[in-house]
Amino acid sequence: MWTSEMTLMMWEGTLETLFMTLLSTLFGYLLGVPMGIALAVTDKNGIRPNAAVYKILDVIANIVRSIPFLILLILIMPLTKLIVGRSYGTAATVVPLTVAAAPFIGRMIESSLKEVDHGVIEAAQSMGASTMTIIVRVLLVEARTSILVGVTIALGTILGYSAMAGIVGGGGLGDIAMRYGYYRYESDIMLVAVVLLVILVQIFQTLGMRMSVKLDRRKR
Amino acid sequence: MAGIIEVHHLSKTFVTRDADVEALQDISLSIQTGDIYGIIGMSGAGKSTLVRCLNFLERPTSGTVEIEGKDLSTLSEKELRARRAEIAMIFQHFNLLMQKNVIDNICFPLLYGGVGKKDGGKRGTMSKKDARKRAAELLEIVGMSEKAKAYPSQLSGGQKQRVAIARALAANPKILLCDEATSALDPQTTQSILQLLKQINRDYGITIVIITHEMSVVREICSHVAIISEGRLAEQGRVTDIFEHPRTKEAKELIVKGEGEGSRTLENRQRDLMKGKCCIRIVFSVNSSFEPVIANMVLRFGQPINILRADTKNVEGIARGEMILSLPDDVRIQEDMKAYLVERGLAVEEVDGYVD
Ligand SMILES: Nc1ncnc2c1ncn2[C@@H]1O[C@H](COP(=O)(O)OP(=O)(O)O)[C@@H](O)[C@H]1O
Ligand SMILES: [Mg+2]
């Protein structure tokens, strides 16, 4: 029997999932963008090569990315507690999600920036533009379509991670699917939660792609 | 006289993992204010490296580059950027910001370039409004006013290069470096871009350095030329002198190759020859007879004809010979000759000022 409580639960789960996903993506980008820029700029073919800085960021990114999310979730619990005040619940999940997302986002930003035609960078340099100007006025501008595609991918991925957080009582649709589907065998509830997750991913995907195409001035 | 650009014993070695590439060795050049200075050489000769050394986008391994008497290696990073604003550059692939429209592209050096920094001034001394005004003037100069709001992807190659030239002129440079600026363009467009460069040189007294692998470009607009071969300077001097008395093997090779290019200059000369003359185009195909038609015709009529162009083209897999002849002035003989050719199964058509 489907009850109005269940509808309410689904609605709250959806909101929690959105909250976790959007907030983690936001924080992920706050950390990942500078990291990605630093990676792209200090690379040996970048505009400010710096082998030491590149190597350090490279190693950090690789280490964090190779830790399975569930392990990361548990590993950084002390940090989570320090920041949020507790290590379970929706808000607490944002911390491990951000930590997991940042290097992944950094890598995507790095690769987007590296796609920018080197000739355009050279033209800016020939006009006397500084490194900072080139980053802000050339790299980020020319790469924006690719960066937006990255945002779409990031949202989908983080949404998926947030569902995993259900295992440790993180809240959201993933949590509902886990509790009802896995522990209580109420597969219809699980199914609804999963469908809602799929719909959310679809919405992000469609919006992101539409925006990136709309903002792209290259083909017309 | 000390030139606006003085290069002394410049060498550049790229250290790569596999080997050290000596891209430039002991190059010395002196370029005077107002020159249009060509630097020509085969692909891989080191031309791009040389031009990039002129604004220190590439730092020489040894030797010096002086711009208006100032050794670039003595400048701080900041001073160097200010200098670069006075040394504009255009490129083979235009290098415009693809996500910005034409007017914003031209505003870029005014808003974000090294201008104004030189005298300790802050960046962006120009307001956005003034920059746009200046950009509009520049668009006028390059004849692109109606494309102000277009994006680069909506422009042809020639139009993109015009925008790039407007952008290069924005900060009132004293020097314009052109790295293969016409190499991606067709002959007609090349011609119009070269004329624009010439006009800029004349009207604003901007010293122009032109990098190219095409002798026809040098012949068309350069006053001086340096020939670079395998990273070394083979020969330099006035274009007229080098054409008349090439001393080195490299110079001779390039001149011969230039003649064979069959491109714009030849075409121009051809057009001059065709002026006021009766010209016909004949086409041979595989089933044309093996008789030496032209030679026989000359013998038969006892009149000289001028072969303006002869060429074989591959049309849909079939080799076709094409010839453009200038006939004698006598109208009667012209008609007889045409009839003679038609009799022998050749397609004959009159042409005036033919376009390839
Ligand atoms: N950054 C670089 N690293 C290593 N080798 C380079 C680099 N840039 C150019 N070269 C080499 O230097 C030589 C000259 O190149 P370039 O100046 O681009 O020639 P051109 O413009 O005349 O075709 C080539 O052999 C090229 O491979
Ligand atoms: Mg080159």
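The values are calculated or read from the model by the stated rules, or taken from the named source; none is laboratory data. Not measured: the values here are computed from a predicted model. Here Cβ is always computed from backbone atoms with ideal geometry, including for glycine, and neighbour counts include all displayed protein chains.
Considering every residue within the range A:91-114, establish whether at least one is over 30 Å from residue A:171 (Cα atoms), of a type outside the set (Gly, Ala, Ser) and within 14 Å of another protein chain (Cβ to nearest Cβ).
Let us first name the residues in the range A:91-114 that are over 30 Å from residue A:171 (Cα atoms), namely A:110-114.
Of the ones still in play, those that are also of a type outside the set (Gly, Ala, Ser) are A:110, A:113-114.
The next check asks that each one be within 14 Å of another protein chain (Cβ to nearest Cβ); those that pass are A:113.
So far as the range A:91-114 goes, yes, one or more of its residues are over 30 Å from residue A:171 (Cα atoms), of a type outside the set (Gly, Ala, Ser) and within 14 Å of another protein chain (Cβ to nearest Cβ).
I'd like the full set of residues that are within 13 Å of chain A (Cβ to nearest Cβ), over 30 Å from residue B:43 (Cβ atoms) and buried (at least 21 other Cβ atoms within 10 Å of the Cβ), limited to the range B:135-189.
Residues satisfying the conditions are B:151, B:170, B:171.
Which number in (1) touching a Ser or Thr at 6+ places or on another chain (Cβ under 8 Å); (2) assigned to a strand (DSSP E or B); (3) away from ligand 2 (no atom under 16 Å from the Cβ) marks the one condition that residue B:227 misses?
(3)
Check the range A:178-201 and report whether any residue there is buried (at least 18 other Cβ atoms within 10 Å of the Cβ) and touching an Asp or Glu at 6+ places or on another chain (Cβ under 6 Å).
Within the range A:178-201, one or more residues are buried (at least 18 other Cβ atoms within 10 Å of the Cβ) and touching an Asp or Glu at 6+ places or on another chain (Cβ under 6 Å).
Does residue B:211 count as assigned to a strand (DSSP E or B), at pLDDT 85 or above, out of contact with any Ser or Thr (no Cβ under 6 Å at 6 or more places or on another chain) and surrounded by 15 or more Cβ atoms within 10 Å (Cβ to Cβ)?
So residue B:211 passes the test.
Given (1) under 16 Å from residue A:35 (Cβ atoms); (2) within 14 Å of another protein chain (Cβ to nearest Cβ); (3) assigned to a helix (DSSP H, G or I), identify the lone condition not met by residue A:134.
That leaves (1) as the condition not met.
Return the only residue of A:145, A:157, A:206 being farther than 30 Å from residue B:75 by Cα, within 14 Å of chain B (Cβ to nearest Cβ) and in a helix (DSSP H, G or I). Write out each step before concluding.
Working: A:157 fails: within 14 Å of chain B (Cβ to nearest Cβ); A:206 fails: within 14 Å of chain B (Cβ to nearest Cβ).
That would be A:145, the only listed residue that is farther than 30 Å from residue B:75 by Cα, within 14 Å of chain B (Cβ to nearest Cβ) and in a helix (DSSP H, G or I).
Considering only the range B:190-205, state which residues are crowded, with 20+ Cβ neighbours inside 10 Å and either in contact (Cβ under 8 Å) with a residue 60 or more places away in the chain or within 14 Å of ligand 1 (Cβ to nearest atom) (or both).
B:190, B:191, B:197
Quick one: which helices (runs of 4 or more DSSP H) lie wholly within the range B:24-117 and hold at least 3 residues that are more than 16 Å from ligand 1 (Cβ to nearest atom) and crowded, with 19+ Cβ neighbours inside 10 Å? Write out each step before concluding.
Values: elements: B:47-54, B:77-84, B:102-112.
So the answer is B:77-84, B:102-112.
Looking for something under 22 Å from residue A:31 (Cβ atoms) and either within 14 Å of chain B (Cβ to nearest Cβ) or in a helix (DSSP H, G or I) (or both) - is there at least one such residue anywhere in the range A:178-190? Give the steps one after another, and end with the answer.
From the range A:178-190, those under 22 Å from residue A:31 (Cβ atoms) are none; that's our starting set.
No, the conditions are met nowhere in the range A:178-190.
With respect to residue B:234, is the statement that it is within 16 Å of ligand 1 (Cβ to nearest atom) and either within 13 Å of the chain's Cα centre (by Cα) or surrounded by fewer than 16 Cβ atoms within 10 Å (Cβ to Cβ) (or both) true?
In short, no.
Across the range B:206-219, which residue is farthest from the other protein chains (Cβ to nearest Cβ) among those that are over 8 Å from the mean Cα position of the chain (by Cα) and more than 16 Å from ligand 1 (Cβ to nearest atom)?
Only one residue fits best here, namely B:219.
What's the number of the condition residue B:181 fails, among (1) small (Gly, Ala, Ser); (2) within 16 Å of ligand 1 (Cβ to nearest atom); (3) in a helix (DSSP H, G or I)?
(3)
Could you pull out the residue among B:127, B:76, B:145, B:156 that is at pLDDT below 90 and among the hydroxyl-bearing types (Ser, Thr, Tyr)?
Step by step, each of B:127, B:76, B:145, B:156 is checked, and only B:127 is at pLDDT below 90 and among the hydroxyl-bearing types (Ser, Thr, Tyr).
Can you run down the residue pairs with Cβ atoms below 7 Å, 6 or more apart or on separate chains, where the first is in the range B:36-47 and over 12 Å from residue B:221 (Cα atoms) and the partner is near ligand 1 (Cβ under 6 Å from one of its atoms) and not charged (D, E, K, R)?
B:46/B:23; B:47/B:41
Kindly provide the set of residues from the range A:39-98 that are of a type in the set (Ser, Thr, Tyr) and free of Cβ contacts under 8 Å to residues at least 24 places away in the same chain, ordered by number.
First, the residues of the range A:39-98 that are of a type in the set (Ser, Thr, Tyr): A:42, A:54, A:66, A:80, A:87-88, A:90, A:93, A:98.
Correct list: A:42, A:54, A:66, A:80, A:87.
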